[in-house]
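The values are calculated or read from the model by the stated rules, or taken from the named source; none is laboratory data. Just so you know, these numbers come straight off a predicted model, no measurement behind them. Cβ atoms come from the backbone with ideal geometry, glycine included; neighbour counts cover every protein chain shown.
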């Protein structure tokens, strides 16, 4: 008489069902891990964005502070230096803001030197670049339009000042007709553009 083996090596419904359940459990665990990784990635990205914004803010504040220091270094000597070039400016005003909403004219002037005949618009940067020269040309055009609208017919001249001015930036500024104001020890040195300075 044959006896049936107690071990059934073939797949049974219970075994297959148990395998499906284990596979499903592993998929769910993998999905949970992916979700956790994604959450951590999102948190890291958010922290990096916050850190980047904070760094940008602090760098901006530092840049403003350095700019203010450079301005205060320039102001005491600048009128005297321009006097040697034939300009007698009676008034020196830092941080002049032009805000003409009707004509949509907005400009910030770091140092504004003036007398009855002319005015000098000075842009101060710690280390100016060629983009600063381009922006100062646009600023001069805005100041000219603003002056014309207010019947101010004085000649307007431009200058770019900096603690450190790369040679190519200096050449570009001079070519555009600007005076270049450089820090020189405890005082400043003004380099005149070739020929005559451009008047706006």
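Looking across the range 128-144, the residues that are surrounded by fewer than 22 Cβ atoms within 10 Å (Cβ to Cβ), under 20 Å from the mean Cα position of the chain (by Cα) and farther than 17 Å from residue 197 by Cα come down to 129, 130, 131, 132, 135. Checked against (1) part of a helix (DSSP H, G or I); (2) modelled with pLDDT of 90 or more, residue 127 passes all but condition (1).
Looking at 82, 89, just one residue is part of a loop (DSSP other than H, G, I, E, B), surrounded by 10 or more Cβ atoms within 10 Å (Cβ to Cβ), at pLDDT 75 or above and within 33 Å of the chain's Cα centre (by Cα), and that residue is 89.
Quick one: would you say residue 125 is touching a helix residue (DSSP H, G or I) at 6+ places or on another chain (Cβ under 9 Å), in contact (Cβ under 8 Å) with a residue 24 or more places away in the chain, closer than 22 Å to residue 82 by Cβ and surrounded by 13 or more Cβ atoms within 10 Å (Cβ to Cβ)? Judged against the criteria, residue 125 is a match.
Only one entry of 73, 1 meets the criterion of being in contact with a strand residue (DSSP E or B) (Cβ under 9 Å, 6 or more places away or on another chain) and either part of a loop (DSSP other than H, G, I, E, B) or modelled with pLDDT under 75 (or both), and that entry is 73. Selection of the range 145-173 for residues being surrounded by fewer than 21 Cβ atoms within 10 Å (Cβ to Cβ), part of a helix (DSSP H, G or I) and touching a residue at least 40 places away in the same chain (Cβ under 8 Å) yields 145, 146, 149, 172.
Only one of these is part of a helix (DSSP H, G or I), in contact (Cβ under 8 Å) with a residue 12 or more places away in the chain and touching a helix residue (DSSP H, G or I) at 6+ places or on another chain (Cβ under 7 Å): 111, 190, 181, 133. Name it. On inspection, the qualifying residue turns out to be 133.
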